[in-house]
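Have a look at the structure below, then the notes.
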Amino acid sequence: MTKRLLLMVWTALLGLVILFSLLPGSVMPRQPSGGAAEHFLAYFGLGVIPAALMRSWRRLVGVVLLVISMGALLELLQRYIPGRSCEIWDLAADGAGAILGLAAGLPWRRKVSEKL
């Protein structure tokens with residue numbers, strides 16, 4: 001998979017996370033596993049892809065911190081969306097997913113760099 005394709009997948013995932021985070025509760029598709037699992041998996045993807053792509057630790061940490069900050073902002077915005085609420089556990093799942101995604105993506109870092 002090329003670096004450009006991975007970046008496109010990451011951008012699409014970012015857009016989907018924003019879209020689904022701002023949908024009203026009445027139209028939001030839900031999984032039986034519940035909200036925290038959805039948050040964790042989405043933010044895991046947002047952490048794992050940059051970890052595989054970026055060589056600079058400073059940029060990588062910056063991207064993950066921005067992703068977590070975005071999660072906090074989206075949670076706050078959900079207070080104003082019908083059928084949605086701001087949940088601290090969702091924010092915790094966002095942060096855990098992003099950080100563990102970063103850790104999971106590190107072994108792929110060298111493999112992606114070698115193929116490019």
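So, by mean Cβ neighbours within 10 angstrom, what's the order for 92-98, 76-82, 37-43 with the highest one leading?
92-98, 37-43, 76-82
Kirkwood-type hydrodynamic radius, region 1-98: 13.9 Å, calculated from all non-identical alpha-carbon pairs.
With a cut-off of 16 Å, note down the residues of region 40-55 whose backbone N falls inside the zone around a label point 7 Å from the Cα of residue 23 toward its beta carbon. Output list for this probe position: 40-43.
No value in this document is a laboratory result; all are computed from the given coordinates. Note that this is a predicted model, so its numbers are computed, not measured. Here the Cβ is made from the backbone with ideal geometry for all residues, glycine too, and neighbour counts use every protein chain on show.
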